[in-house]
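Read the structure below first, then the notes.
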Amino acid sequence: MDVLAEVLRVSGARGGLGVVLKAGGTWGLWLDSYPGAALHVVSRGTMWLHVTGEEPLEVRAGDAVLVSPGTAHGIAGGASVTMGSCDREAAARSFADGRALRLGSAPVQTEVIVLHYEQDPEVRTPVLTSLARPIHVAARENAQLARTVGLLAAELAQPQIGTTAAVNSVVDLLLVQFVRAWLARHPQERSGSWLGAMRDPVVRDALACVHAQPEHPWTTEALAAATNVSRATLSRRFRSALGQTPGAYVTQWRIDLASVRLRDTDEPVESISGAVGYGSPHAFSRAFRRARGTAPGEYRSRLRR
């Protein structure tokens, strides 16, 4: 079971191109908080990332840095540059006509591809939202990531038939490669997040069981047996990695699956309750109300309105 792929699929974590920045001279841009995650890919030159309360971070050509959802930050040509506010109208025009957004003065020294990733708001299982601080992956650490950055830059530099489809595919591929590179290269930053939990083999195997068969009557004992560890060991490792018990995670994932199906399908509540592991519609309704604050039928009606 590819747990990451399954969670990205259900959570609707999809990427899209923001703008391409071409900058020279002295330049700086402060970006207000954005509801999704922002991935800044430097295809040429050097960029500095500024986040309140942290030291400026140098991001070089071929590098990428992921900024977690809701994080106000700035990008600039230097570590001590005064940054202006983002001209949203100019950015919208650049996005609409496919032209690069120019900053600073000629000649162009730095090119940055700004990508955005959003997650379905009805899915509470954290993937991108579990990352509390910017994550930087350098090109020298991962040749595959650097090649993908080069492919994206080449597609944008010479648009042709199929470029939109190609860019969308590369953007999604880039997120997966970025996560792989981060997990492999930054062990000190992995703990305390959903993505970091993928590095604990016990927790990862337990998650694979849950995601492969969410309808199974999973208990902590059953998951411990499936992963060949004791109940105490599984509980300890789970809480350390994810900050919750195995049972709480099972409930969270089942409610996520049910929420998406209630919104996107016309399946009866009774069918959905069985498909996500509840023995009766009453038990499902009780669990759903605790998690979402409303009954399943009311939830469906509210979203559709």
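Measure nothing but the geometry: give the 0 to 90° angle between the long axis through the Cα atoms of 201-212 and the longest principal axis through the Cα atoms of the chain, rounded to 10°. So the inclination is approximately 70 degrees. Compared with the dominant Cα axis of the chain, that is its longest principal axis, helix 281-292 is turned about 30°. Give me the percent of the accessible area of the stretch 1-151 that comes from carbon and sulfur atoms, probe 1.4 Å, all protein chains in place. Here it works out to 50 percent. Across the chain, the longest piece that holds none of the GluC sites (Glu not before Pro) lying in DSSP loops with up to 14 other C-beta atoms within 10 Å covers 55-214. Between the residues Ala224, Val210, Val149, the greatest Cα displacement towards the positive end of the dipole of the chain, with unit charges on the Cβ of Lys, Arg, Asp and Glu, is found for Ala224. Surface exposure of the stretch 1-86, expressed per residue as accessible area with a 1.4 Å probe, stands at 40 Å².
Considering only beta bridges that DSSP places wholly inside the chain, some 85 percent are antiparallel. FRET efficiency for the pair Ser105 and Ser85, taken as 1/(1 + (r/R0)^6) with r the Cβ-Cβ distance and R0 = 25 Å, rounds to 0.85.
Under the combined filter of DSSP loop state and at most 12 neighbouring Cβ atoms within 10 Å, the stretch 80-163 retains these trypsin sites (Lys or Arg not before Pro): Arg99. Magnitude of the charge dipole for the chain, about its Cα centre and with charges confined to Cβ atoms of Lys, Arg (+1) and Asp, Glu (-1), is about 440 debye. Distance from the C-alpha centroid of the stretch 39-72 to that of the stretch 115-181: 14 Å, rounded to the whole angstrom.
Assign one of three labels to the stretch 140-228, namely rounded, prolate or oblate, based on the Cα gyration tensor with a ≥ b ≥ c the square roots of its eigenvalues; rounded applies when a/c is under 1.5, prolate when it is not and a/b is larger than b/c, and oblate otherwise.
oblate
Entry note, the stretch 43-180: relative contact order of 29 percent, from Cα contacts under 8 Å with a spacing of 6+ residues.
The values are calculated or read from the model by the stated rules, or taken from the named source; none is laboratory data. The structure presented is a predicted model; accordingly, all values stated were derived computationally and were not measured. Here the Cβ is made from the backbone with ideal geometry for all residues, glycine too, and neighbour counts use every protein chain on show. Ligands, DNA and RNA are stripped out before the accessible areas are found, and what is left, the full protein with its side chains, is counted by its heavy atoms. Shrake-Rupley method; radii C 1.70, N 1.55, O 1.52, S 1.80 Å.
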